[in-house]
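Bear in mind these aren't lab numbers, they're just calculated from the coordinates by the rules spelled out. Since the model is a prediction, treat every value here as computed from it, not as a measurement. In this analysis, Cβ positions are derived from the backbone assuming ideal geometry, glycine residues included, and neighbour counts consider all displayed protein chains.
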Amino acid sequence: MKKYTNQTHGFEIDIPKHWPNPTELTPDSLIFNCAPLESLNFVIGPLTPERLPEYTEFEFRQYVQKNGYSDLAFGRISVGNKNHVCARYNMGGLWTKKYMIVFAGIEYAITATCYRPDMLMEMERVWDAIVGSFRLSKELEAELAYINSKRSQVAGELYARAYEHASGGRYTEACALLRQCLENDSNHIVAHKELAFILKNTGDLKGALPHRQAVKRLDPSDKVNRFNLAAILAMLGEKENALQEIEELLIMEPDNPTFKSLRKAVLEQIK
C-alpha cells in the first residue's frame with residue numbers, strides 16, 4: 001500500500017501501490033480509475049446537520065429503489081473511532097459498494113465499483129481496507145479541535161459533550177445531556193434543535209414536536225426549523241396546522257420549491 005494525500009480536502013488514505021493517481025472530475029470529486037477491474041470515486045461536500053445512521057440508510061434505500069437497483073445490503077465500517085454507514089448493491093449489473101463517511105459536517109461519499117463480478121469478494125476486502133485507513137490531515141484535525149472548543153464556548157460544555165455522543169451514534173447519552181442543558185436553560189436553542197433532530201430520526205415524532213415549537217418561539221425567522229416543524233405536524237396527522245406553517249413560510253419565501261412541494265403533498269393528504 002502507499003499513502004495518498006489530498007491537501008485540498010484535508011485527508012489521507014492508503015491505496016494499493018499499483019493504483020494510478022486520481023483524476024479530478026470537479027473541485028469536489030475525484031476518481032481512482034483502475035479499469036477494466038474497478039474504480040473508486042470520491043464526492044465530498046457539506047452535510048449539516050449530520051444524519052443519524054438509520055436516517056442515512058432510509059434516504060439511501062429510497063435512492064436505490066428510485067433508480068431500480070437491487071440486492072441492497074447495509075453495514076457499518078469503523079473509521080476514525082466512529083461507525084459510518086456502508087451499502088452494497090447491484091447497479092444494473094455492476095456490483096457497487098458505497099461508504100458514507102462523515103466528519104464534522106462534511107460527508108466523504110466513496111463509491112467503489114467492480115467490473116468483474118467474479119472478483120467482487122476479493123475487491124471488497126481491499127476497498128474496506130482502503131476506506132478503513134481514511135484519516136483527516138493533522139491540519140484539519142487541528143481546525144476541528146478549534147471548532148469543538150468554540151462550540152463549548154458558545155453552546156456550553158454539556159452541549160458539546162452531547163454533540164460528540166450524537167456524532168458517535170450514542171443517542172441515549174446525547175439525549176440525556178441535551179435534556180440537562182434544557183433543565184439549566186429552557187431557552188437553549190441549539191439543544192432544542194439537536195434534541196428535535198435526534199428524536200424525529202429515531203421515530204419519536206411526538207417527542208420532537210415541542211422542541212421544534214420551542215425553536216419557533218425563540219427564533220421565528222429560522223426557516224429550516226419552520227419547515228421541519230411543518231413536516232412533523234403533517235406526519236402526525238395535524239394537516240391543518242402543517243398547512244398553516246407552510247403558508248407562513250411561503251410568505252417569507254414565495255418561490256421556494258421545497259416549501260411548494262411540501263404544501264402540495266399536504267394538500268393531497270387533506271383531500
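Observations
- Paramagnetic reach from ASN83 (point 7 Å along Cα→Cβ, amide N under 15 Å) across the stretch 102-123: 102
- Whole-Hz couplings from phi, Karplus 6.51/-1.76/1.60, listed for the stretch 54-65; x for Gly and Pro: 5, 6, 4, 4, 4, 5, 6, 4, 4, 4, 5, 5
- Between 0 and 90°, nearest 10: helix 157-167 axis offset from the chain longest Cα axis: 50
- The stretch 193-232-the stretch 98-122 distance, computed between alpha-carbon centres (Å): 32
- Net charge of Cβ neighbours under 12 Å - reference ALA231; Lys, Arg +1; Asp, Glu -1: +3
- For ASP219, net neighbour charge (Lys/Arg +1, Asp/Glu -1) across residues whose Cβ lies under 11 Å away: +4
- Using the Cβ-Cβ distance between GLU240 and PHE74 with R0 set to 51 Å, the FRET efficiency from 1/(1 + (r/R0)^6) comes to roughly 0.85.
- Proximal lysines relative to LYS260, as straight alpha-carbon distance under 16 Å, when same-chain residues fewer than 8 apart are discounted: LYS223, LYS239
- Charge dipole of the chain (Cα centre as origin; +1 on each Lys and Arg Cβ, -1 on each Asp and Glu Cβ, all else neutral): 260 debye, rounded to the nearest 20.
- Taken one residue at a time, the phi angles of the stretch 218-224 give Karplus couplings (6.51, -1.76, 1.60, θ = phi - 60°) of 7, 8, x, 7, 6, 6, 5 Hz. Gly and Pro are set to x.
- With a simple spin-label model that places each label point 7 Å from the Cα along the Cα-to-Cβ direction, the separation between ASN187 and LEU94 comes to 5.4 nm.
- Projected label points at THR172 and LYS138, each 7 Å from Cα along the beta carbon direction, are separated by 3.9 nanometres.
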